[in-house]
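What follows is one structure encoded as structure tokens, with my remarks underneath.
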Amino acid sequence: MSVNGNSNALLNAEDPESITAPLISGQRSAPNSTSQVALVGANVCPIESLDYEILENEFFKQDWRSRGKMQVFQYIFMKWFLCFLVGLIVGLIGFCNNLAVENIAGIKFVITSNMMLKSRFLLAFIVFFFSNLALTLFASMITSFVAPVAAGSGIPEVKAYLNGVDAPGIFSIRTLFVKIVGSVSAVSSSLLIGKAGPMVHTGACVASLLSQGGSKKYGLTWKWFRYFKNDRDRRDLVTCGSAAGIAASFRSPVGGVLFAFEEMASWWRSALLWRAFFTTAVIAIVLRALIDVCLSGKCGLFGTGGLIMFDVYSASVSYHIADVPPVLLLGFVGGILGSLYNSLLTKVLRIYNLINERGVIYKILIACTISIFTSCLLFGLPWLASCRPCPADAAEACPTIGRSGNFKKFQCPPGHYNDLASLIFNTNDDAIRNLFSKNTDSEFHFASIIIFFVTCFFLSIFSYGVVAPAGLFVPVIVTGASYGRFVGMLVGSHSNLNHGLYAVLGAASLLGGTMRMTVSLCVIILELTNNLLLLPLIMVVLLVSKTTADAFNGNIYDLIMKAKGLPYLEAHVEPYMRQLTVADVVTGPLQLFYGIEKVGNIVHVLRTTGHNGFPVIDELPLSESPVLFGIVLRAHLIELLKKKAFVSTPVPTSTDSFKRFSSEDFAKRGSGNGDKIEDIKLNEEEMEMFIDLHPFTNASPYTVVETMSLAKALRLFREVGLRHLLVIPKISTRSPVVGILTRHDFMPEHILSLNPMLVNSRWKRLRFRLAPPAKHF
């Protein structure tokens, strides 16, 4: 048997259909993950796998042996120094993002409020409407034309990258720029989206750019970082960057580390834990120093700079066994709402994709339509609420004019406030503060909370799919907080918990129901609210909501990954994989090279296939019988052709041939920046020469026997982080290698297409009940 080569490479020219098949589309008959394309941003792009395996060939062994103690020290020192830089840069970006959002949105709300104080309601609406539309239009335009991959939260793409999937442009400087500027503009436009997801992507971008030594395209490179030009070191630093993103978004350093561990990383070890913790510790110090500056009144409209910290600490919090049943019910319903939220969101994204396929203009029109609808809702709904008299014992000025607070005046007379406007005609962060606030049980009307919950639930679903950087954390928190506040009102005096604490528990339940995390969410919420006394109740709510929601569908980021067609390898194996062997899934034809190969043959294979790895075998006179020597990478072959490391006769070369190469020649370049075979120009005489592949071939690749179960092979492939897994025959045959397993071969859609007898098996039915296949998205 043979293999359908290394299908994580760029697509072969002979397979145009798999390039053009949209991932989230109405063509449901086409399985997504079996092709080598995925929806990156709003475009269908070819994707590759990453090489997390450490190559062991003679050239790299010689290169490491030649390094002195100073170079080894430099390598270790730079690992920690890069983590420090990631923490410092991401901390500054997070602070500036929050500062910009709070001041841009604050100016908008202040101007609008001042006009309403003068009863100029129509003019106030026009200013509010067009400022939101302009901010949304700007965010959608720079995303569409500069970096479409920056649309959405970016967490699914980063998670797939850490699993071994490389998509073009996800960590470029253009993406980083649009992610920062577009997120500020979109969040400031009053769209119900968050900035935590984009911050995770931003942290990953910063880490990736630093680890690859900057950007050669823009002339921003640093020679000191040359040791990190491999996928394994980049993966570790990107993991630290994702932790930094959450830490900077919520001032939650420990929660950021746990988020990266629980949700993002597919590989984890103690050394990486230390570096991730160090990175988030740097962020905590940077944010603390900058907050002190803001407290002195130097940060514009909002003195704390908009950095989220919802202090609901109360030394008098006490709860009894009678409080547990309502909390359990809150978690159960929150799990149902979370699964419903995920289901509706995936359907909306599918509809948006059908519209987006028509062109850029339609993407921008969707964003503008959502902005117009949002502005009308946010300005119009508070008119449905009645004015309430200011409480006599209010802890702050009532009504609050020209700043954030619990008591928005809106259209009310002096001495009164509009409780719905305090929630809906406000920034998302301030709405959460108001919902989480303590000693405010009588400040919000029952109907206002219901209106706010329904509005947030559906508006956040329709807002997420716009072509702009958009996160889900904050919208889910604000929606869940309103749901929890509603439950607190229903329970009323029958509970010892105030409504603000119920809002915290409601946010936890909806987060658990949509994102299906437990430990990291628990710590993030505790760090957000500064209330350790709620720990047992938050743990119970998260466990109940996650368990309930898991019965219906997967977490939101996994659903989006499947919808995009990103070939993510799950930690668990499907039951039917135990019934198959690796020989059942490899397909042909297999491309081989000999240890000393003719240049013309190498060029022909590279030009006619898109494979990224090729088995190298030895035969007579180098070996008495055919034997597998190892595997050589496409990028290394192109480098050998580029340097013209040729010999006129087919004989082994000496180690002197290493002198014409440096470790930088074979270093992994950034995504999409590698040399192409089309750029190599050779004459007829050179095509007749030979290359000794032995010194540049990984002589100890991972191999499995053809009778190994597919389930066991998948565990090996995922846990080691492989790109190629060679399959060798159980009994000696003419060929020493049967085929190559790649990520594509482990995708359920590929397996089921080769083994149609599984379609009606009970294992297949069980799998499709628990997790819908990617081809339905």
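The values are calculated or read from the model by the stated rules, or taken from the named source; none is laboratory data. Predicted model only: the values in this text are computed from it and were never measured. Neighbour counts run over all protein chains shown; Cβ positions are idealised from the backbone, glycine included. Accessible surface areas use protein heavy atoms only, side chains included; no ligands, DNA or RNA. Shrake-Rupley method; radii C 1.70, N 1.55, O 1.52, S 1.80 Å.
For first residues located in segment 346-370 and more than 18 Å from Ala147 (Cα to Cα), partners that are in a helix (DSSP H, G or I) and open to solvent by 80 Å² or more (accessible area, probe 1.4 Å) and lie 6+ apart or on another chain with Cβ distances below 7 Å form the pairs Val348/Phe462; Ile355/Tyr362; Ile370/Phe462. Just one of (1) under 23 Å from the mean Cα position of the chain (by Cα); (2) at pLDDT 90 or above; (3) surrounded by fewer than 16 Cβ atoms within 10 Å (Cβ to Cβ) fails for Leu354. It is (2).
In summary, Leu633 fulfils each of the numbered conditions (1) closer than 19 Å to Tyr702 by Cβ; (2) out of contact with any Pro (no Cβ under 6 Å at 6 or more places or on another chain); (3) surrounded by fewer than 17 Cβ atoms within 10 Å (Cβ to Cβ) with the single exception of condition (3).
Can you find a residue that is in contact with a strand residue (DSSP E or B) (Cβ under 6 Å, 6 or more places away or on another chain), in a loop (DSSP other than H, G, I, E, B) and of a type in the set (D, E, K, R) anywhere in segment 114-132?
There is no residue in segment 114-132 that is in contact with a strand residue (DSSP E or B) (Cβ under 6 Å, 6 or more places away or on another chain), in a loop (DSSP other than H, G, I, E, B) and of a type in the set (D, E, K, R).
Only residues that are under 16 Å from the mean Cα position of the chain (by Cα), assigned to a helix (DSSP H, G or I) and of a type outside the set (Lys, Arg) were counted across segment 550-563, and they come to 7. Checking segment 535-549 against the condition returns no match, with no residue being farther than 23 Å from Phe446 by Cα and assigned to a loop (DSSP other than H, G, I, E, B).
Being assigned to a helix (DSSP H, G or I) and farther than 27 Å from His694 by Cα is a description that does not apply to Ile602.
Residues in segment 418-457 that are open to solvent by 10 Å² or more (accessible area, probe 1.4 Å) and free of Cβ contacts under 8 Å to residues at least 40 places away in the same chain: Ile450, Phe453, Val454. Screening Leu192 with (1) at pLDDT below 90; (2) among the aliphatic types (A, V, I, L, M); (3) open to solvent by less than 20 Å² (accessible area, probe 1.4 Å) gives one miss only, at (1).
Conditions tested, residue by residue: (1) of a type in the set (A, V, I, L, M); (2) in contact with a strand residue (DSSP E or B) (Cβ under 6 Å, 6 or more places away or on another chain); (3) at pLDDT below 95; (4) under 28 Å from Leu377 (Cα atoms).
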site	(1), (2), (3), (4)
Ala150	yes, yes, yes, yes
Ser153	no, yes, yes, yes
Ala160	yes, no, yes, no
Ile170	yes, no, yes, no
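If you go through segment 489-515 and pick out every residue that is in contact with a Phe, Trp or Tyr (Cβ under 9 Å, 6 or more places away or on another chain), crowded, with 24+ Cβ neighbours inside 10 Å and not hydrophobic (A, V, I, L, M, F, W, C), you end up with 7.
So is Leu330 more than 24 Å from Lys564 (Cα to Cα) and buried (at least 17 other Cβ atoms within 10 Å of the Cβ) or not?
Yes: the conditions hold for Leu330.
Scanning segment 594-608 for residues that are in contact with a Ser or Thr (Cβ under 8 Å, 6 or more places away or on another chain) and open to solvent by 20 Å² or more (accessible area, probe 1.4 Å) yields no hits at all. If you check Ile364, Ile370, Ile308 for being outside the structural domain of Asn531 (by the TED database), buried (at least 19 other Cβ atoms within 10 Å of the Cβ) and either at pLDDT 90 or above or within 27 Å of Met561 (Cβ to Cβ) (or both), only one passes: Ile308.
Just checking, how many residues over segment 541-570 are aliphatic (A, V, I, L, M) and either more than 13 Å from Lys159 (Cα to Cα) or without any contact (Cβ under 8 Å) to a residue 12 or more places away in the chain (or both)?
Adding up the residues that qualify gives 7.
Of all residues in segment 609-628, those that are open to solvent by 60 Å² or more (accessible area, probe 1.4 Å) and of a type outside the set (A, V, I, L, M, F, W, C) total 4. Each residue in segment 48-101 was checked for being free of Cβ contacts under 8 Å to residues at least 60 places away in the same chain and of a type in the set (Val, Ile, Thr), and 2 of them qualify.
Selection of strands (runs of 3 or more DSSP E) fully inside segment 676-744 by the criterion of at least 2 residues being open to solvent by 30 Å² or more (accessible area, probe 1.4 Å) returns 703-705.
Taken over segment 337-374, the criterion of being hydroxyl-bearing (Ser, Thr, Tyr) and closer than 23 Å to Phe138 by Cβ is satisfied by Tyr352, Tyr362, Thr369, Ser371, Thr374.
Out of all the residues in segment 399-407, is one or more of a type in the set (Phe, Trp, Tyr), open to solvent by 10 Å² or more (accessible area, probe 1.4 Å) and under 23 Å from Leu99 (Cα atoms)? Taking every residue of segment 399-407 in turn, none turns out to be of a type in the set (Phe, Trp, Tyr), open to solvent by 10 Å² or more (accessible area, probe 1.4 Å) and under 23 Å from Leu99 (Cα atoms).
Do you know which of the residues in segment 171-189 that are out of contact with any Ser or Thr (no Cβ under 7 Å at 6 or more places or on another chain) and among the β-branched types (Val, Ile, Thr) is most open to solvent (accessible area, probe 1.4 Å)?
Restricting to residues being out of contact with any Ser or Thr (no Cβ under 7 Å at 6 or more places or on another chain) and among the β-branched types (Val, Ile, Thr), the top hit is Val181.
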